[in-house]
Amino acid sequence: MRRFFSLSVFVLLSVLAFSQDTLPKFNVRNMGMDADGNARIIIGWVNPYDSLKQISVQRSHDSLKNYTTLVTLADANAKFNGFADNKALNDHMFYRLFIVKKDGSYFFTAPKKPGFDTAKVALPAGPTGNANNPIGTNPRETPEIKKPEVVIKKPTFVPSFYVYTNKDGYVYVNLPDADRQKYHIKFFEEDGSPLFEIKTINRTGLTLDKTDFMHAGWFLFELYNDDKLVEKSKFYLTKEF
């Protein structure tokens, strides 16, 4: 079975440009091929529920059957969540979510294939004409041809898949493969001054106390796997301590 690696900085920054759908809808984005020819697929969603027991990401060549579970998220109730399939076999496979509620009931989402977002292009209206002057009302005027106005979607900030504040307002560290990797995290104040570091993380899910951060506001963090930077992002703590 192919191995799925942690979300790279390049993929993370790319996914910030896309807005996410709300469950049971979800996004599947094709971020292009890597140097080895593997497709890089981002699956993401916004979770409106607070009583889920499990969310698993599944993949198949067929839209109806033969699905394989890629990962089960450590925190099913995270507001923003997702998974990076950095070793997809190709860019036209099907993905779906298996969702279990706390009462034991479950359902599968509709399958989706990866897609690209494209910028919208607004074309200006052409000049009007008449029988004597098919281009404009003044035959001496040279019509001004305007270039199409390209409307670029502004990036929307999306909290990290790995370090974020959960529904109770605590900082939650979500590392599904922590038992097989060598993760450590450095936390910083918003101005970049060091705060503290967790040198060894063996648990797939870790909740940090608010008092560790001493005050409310924005905080920065850097997540490493061994000596390799996996993610550099931020999160916000509310005033309730």
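The values are calculated or read from the model by the stated rules, or taken from the named source; none is laboratory data. Bear in mind the structure is a predicted one, so any value in this text is a computation, not a measurement. Cβ: placed from backbone, ideal geometry, glycine included. Neighbour counts: every protein chain shown.
How do the strands (runs of 3 or more DSSP E) wholly within the range 93-199 filter down when requiring 2 or more residues that are over 30 Å from Lys53 (Cα atoms) and modelled with pLDDT of 90 or more: which remain? Write out each step before concluding.
Details: elements: 94-101, 106-108, 120-122, 149-151, 163-165, 171-174, 183-189.
In the range 93-199, 183-189 are the strands (runs of 3 or more DSSP E) which contain 2 or more residues that are over 30 Å from Lys53 (Cα atoms) and modelled with pLDDT of 90 or more.
Is it true that Ala88 is modelled with pLDDT under 85 and surrounded by 13 or more Cβ atoms within 10 Å (Cβ to Cβ)? Lay out the reasoning, then the answer.
Details: modelled with pLDDT under 85: yes; surrounded by 13 or more Cβ atoms within 10 Å (Cβ to Cβ): yes.
Against the criterion (modelled with pLDDT under 85 and surrounded by 13 or more Cβ atoms within 10 Å (Cβ to Cβ)), Ala88 qualifies.
Selection of first residues in the range 185-208 that are over 22 Å from Ala78 (Cα atoms) and of second residues that are in a strand (DSSP E or B) and β-branched (Val, Ile, Thr), restricted to Cβ pairs under 7 Å at least 6 apart or on distinct chains, gives the following pairs, ordered by first then second residue: Glu197/Ile185. Mind checking which pairs have a first residue in the range 214-241 that is within 15 Å of Asp191 (Cα to Cα) and a second that is among the hydroxyl-bearing types (Ser, Thr, Tyr), Cβ under 6 Å, 6 or more apart or different chains? From the range 214-241, the pairs are Ala216/Thr238; Trp218/Tyr236; Ser233/Ser160; Phe235/Tyr164; Phe235/Thr165.
Any chance the range 8-26 includes a residue that's modelled with pLDDT of 85 or more and either in contact with a Lys or Arg (Cβ under 8 Å, 6 or more places away or on another chain) or within 18 Å of Ser160 (Cβ to Cβ) (or both)?
Initially, the range 8-26 is screened for residues modelled with pLDDT of 85 or more, giving 22-26.
Now drop any that are not either in contact with a Lys or Arg (Cβ under 8 Å, 6 or more places away or on another chain) or within 18 Å of Ser160 (Cβ to Cβ) (or both), which leaves 26.
Within the range 8-26 (the criterion being modelled with pLDDT of 85 or more and either in contact with a Lys or Arg (Cβ under 8 Å, 6 or more places away or on another chain) or within 18 Å of Ser160 (Cβ to Cβ) (or both)), the answer is yes, since at least one residue qualifies.
Here is a check on your reading of the model: is Leu208 hydrophobic (A, V, I, L, M, F, W, C) and over 22 Å from the mean Cα position of the chain (by Cα)? Break it down stepwise before answering.
Numbers: hydrophobic (A, V, I, L, M, F, W, C): yes; over 22 Å from the mean Cα position of the chain (by Cα): yes.
In short, yes.
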